[in-house]
1. Taking the Cα-to-Cβ direction at ARG103 and at ALA3 and moving 7 Å from each Cα, how far apart do the two end points lie in nm?
2. With an 8 Å cut-off on Cα pairs and a minimum separation of 6 or more residues, tell me the relative contact order of the chain in percent.
3. Please work out which option in [x] 45, 28, 18; [y] 44, 35, 30; [z] 40, 31, 21 gives Cα extents along the principal axes in Å calculated from these coordinates, and answer with its label.
Amino acid sequence: ALADGEREDWAWASEAAARDVAEGRAEQAVVCCWTGTGAAIAANKLPGVRAALCGDAQTAEGARRWNDANVLALSLRTVSDALLDEILDAWFGARASDEPEDRANVEHLGEIAGTRARPSV
C-alpha cells in the first residue's frame with residue numbers, strides 16, 4: 001500500500017492501506033498501531049471503509065459477518081503471534097452476511113457517512 005518515499009507512521013500507513021480498499025485496488029486490508037485504535041480511526045476516514053478493531057477471533061468473525069468490515073485493525077501491544085493467527089483465520093474465513101437486516105445495517109452506515117457503502121465481493 002505504501003509507495004516509495006511515503007511515510008511509514010501508523011496514520012499514513014493506515015490511510016494508504018484503507019485507500020486501496022476505498023479505491024477498489026484491494027478487497028480488504030489489515031492495519032495496526034500500538035493500540036490499534038489510531039489505525040482504525042485513520043482507516044475509517046476513507047469513504048466506504050469499515051475498519052474494525054478486533055482483539056479476538058470471535059470479534060473478527062463477527063465484524064466481517066454482520067458489519068461487512070473491510071479493514072481489520074490490530075493492536076501491536078495486545079495481540080500475540082498465536083492470537084494473531086486465530087484472528088486472521090477468523091477474519092479471512094468469514095464472509096459478509098447476505099441477510100436483509102444485516103445488509104440494511106451496512107447500507108445505513110454508508111448513508112450516515114454520506115457515501116454508498118461498498119459491499120464485499
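FYI, it's all coordinate maths here, none of it is from the lab. Everything numeric in this text was worked out from a predicted model, so none of it was measured. Virtual Cβ from ideal backbone geometry, glycine too; neighbours counted across all protein chains shown.
1. Calculated label separation equals 3.7 nm.
2. Reported relative contact order: 24 percent.
3. Label [z] holds the value from this structure.
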